[in-house]
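Structure first, then comments.
The values are calculated or read from the model by the stated rules, or taken from the named source; none is laboratory data. Note that the structure is predicted; figures quoted are calculated from it, not measured. Here the Cβ positions follow ideal geometry from the backbone for every residue, glycine too, while neighbour counts run over all protein chains shown.
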Amino acid sequence: MLEYPDSLRQFLGKNVYLVAATLRAETMYGQTNCYVLPEAEYGVYEMVNNEYFIISERAARNFAFQEMTKEYGKYPCLAKVTGQDLIGKALKAPLTSYEKVYALPMTTISMTKGTGIVTSVPSDSPDDWAALRDLQTKQGLREKYNVKEEWCVPFMPVPIINIPEFGDLSAVFLVDDLKIQSQKDKELLKQAKDRAYLKGFYEGKMLVGIAEGQSVEKAKPLVKAHLLKEGLAVPYYEPEGEVVSRTGDQCIVGCCYQWFMRYGEDEWREFVRKHLKSGDF
């Protein structure tokens, strides 16, 4: 973070990050902003390497069991901040061509998915473009969330992937093609997203970055590895959907270092028989 709300002044001088989860590492070149849910409450959690993540409580719990917090399974919240308080704060986003971007409001964020922070790539994500366009063109929406024009209006989509038929700005093309009016048009946005992501993955070609000229399919793991190597990202795992245990608890993905033995395999059974016959035990 380049700027802090008053409620987080105690973290000035520390390594504090607004952490967004993404499955599309190759699109980080096109970031124009990040989104927060205005009415949501986020927490500040201390991670390894003296880093502090601003994320949802649910994401902090996942991180705690993935060896990211200082103590395994523990994730004390050091401070709380609302999404509204984060709006307008300047940020440094990895790989993007913009020197700084801003946290902006998005009303459709789910706090039960990812980290509650959403990185915005309006060139290739229809949801991101619809939300950014709403803020750029609707003064009433900006006033509602105290958003200044300079935080959103100058930040136009950046061409990063060419997709046949959709061009260099697939999200912009599809939002116009399907006549999507706002970020609340959920069904149409889902159609646009499905079309953009499927065709983009198999037919898209990178226009920028370390994998320029390569297919999105090949670029994805390359950019992911680059982000991890440079310390610009960390691995994060969570269930694809809600998983509830027999005790009614919400399940997470944890690093448990467990091993499972396939007792039914012929090779394993033969190995055990020979070992028993050898008497070497």
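Values as computed for the structure displayed
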| read-out | value |
| --- | --- |
| Selected residue (criterion: farthest from Thr96 (Cα to Cα)) from residues of the range 149-175 that are among the β-branched types (Val, Ile, Thr) and in a helix (DSSP H, G or I) | Val175 |
| Count of the range 89-123 residues which are part of a loop (DSSP other than H, G, I, E, B) and out of contact with any Leu (no Cβ under 8 Å at 6 or more places or on another chain) | 12 |
| Condition met for Glu212 (loosely packed, with under 13 Cβ neighbours inside 10 Å and not in a helix (DSSP H, G or I)) | yes |
| Test: residue in the range 138-151 that is over 28 Å from Gly167 (Cα atoms) and among the hydroxyl-bearing types (Ser, Thr, Tyr) | yes |
| Restricting the range 7-41 to residues that are in a strand (DSSP E or B) and of a type in the set (Val, Ile, Thr), the residue that is surrounded by the most Cβ atoms within 10 Å (Cβ to Cβ) | Val36 |
| Whichever residue in the range 229-244 is surrounded by 12 or more Cβ atoms within 10 Å (Cβ to Cβ) and farther than 22 Å from Tyr197 by Cβ and, among such residues, is farthest from the chain's Cα centre (by Cα) | Val243 |
| Sole exception among (1) under 23 Å from Cys152 (Cα atoms); (2) outside any loop (DSSP other than H, G, I, E, B) for Val44, by number | (1) |
| Options Asp128, Asp124: the member that is at pLDDT 95 or above and more than 14 Å from the chain's Cα centre (by Cα) | Asp124 |
| Residue identified as over 25 Å from Ala20 (Cα atoms) and part of a loop (DSSP other than H, G, I, E, B) among Gly241, Gly248, Gly254 | Gly248 |
| Leading residue by the ranking (farthest from the chain's Cα centre (by Cα)) among those in the range 189-198 that are surrounded by fewer than 18 Cβ atoms within 10 Å (Cβ to Cβ) and closer than 18 Å to Leu169 by Cβ | Gln191 |
| Residue match in the range 186-204 (condition: polar (S, T, N, Q) and assigned to a loop (DSSP other than H, G, I, E, B)) | no |
| Complete set of residues in the range 245-280 that are surrounded by 12 or more Cβ atoms within 10 Å (Cβ to Cβ) and of a type in the set (S, T, N, Q) | Gln250 |
| The range 186-210 residues that are under 23 Å from Leu132 (Cα atoms) and in contact (Cβ under 8 Å) with a residue 60 or more places away in the chain, paired with ones that are among the aromatic types (Phe, Trp, Tyr) and buried (at least 19 other Cβ atoms within 10 Å of the Cβ) (beta carbon under 8 Å, 6 or more apart) | Ala196/Phe166; Gly200/Phe166; Val208/Tyr29 |
| Number of the condition not met by Tyr75 [criteria: (1) surrounded by fewer than 21 Cβ atoms within 10 Å (Cβ to Cβ); (2) more than 15 Å from the chain's Cα centre (by Cα); (3) not in a strand (DSSP E or B)] | (1) |
| Selection within the range 137-158 - out of contact with any Leu (no Cβ under 6 Å at 6 or more places or on another chain), closer than 22 Å to Asp168 by Cα and either buried (at least 20 other Cβ atoms within 10 Å of the Cβ) or among the charged types (D, E, K, R) (or both) | Phe155, Val158 |
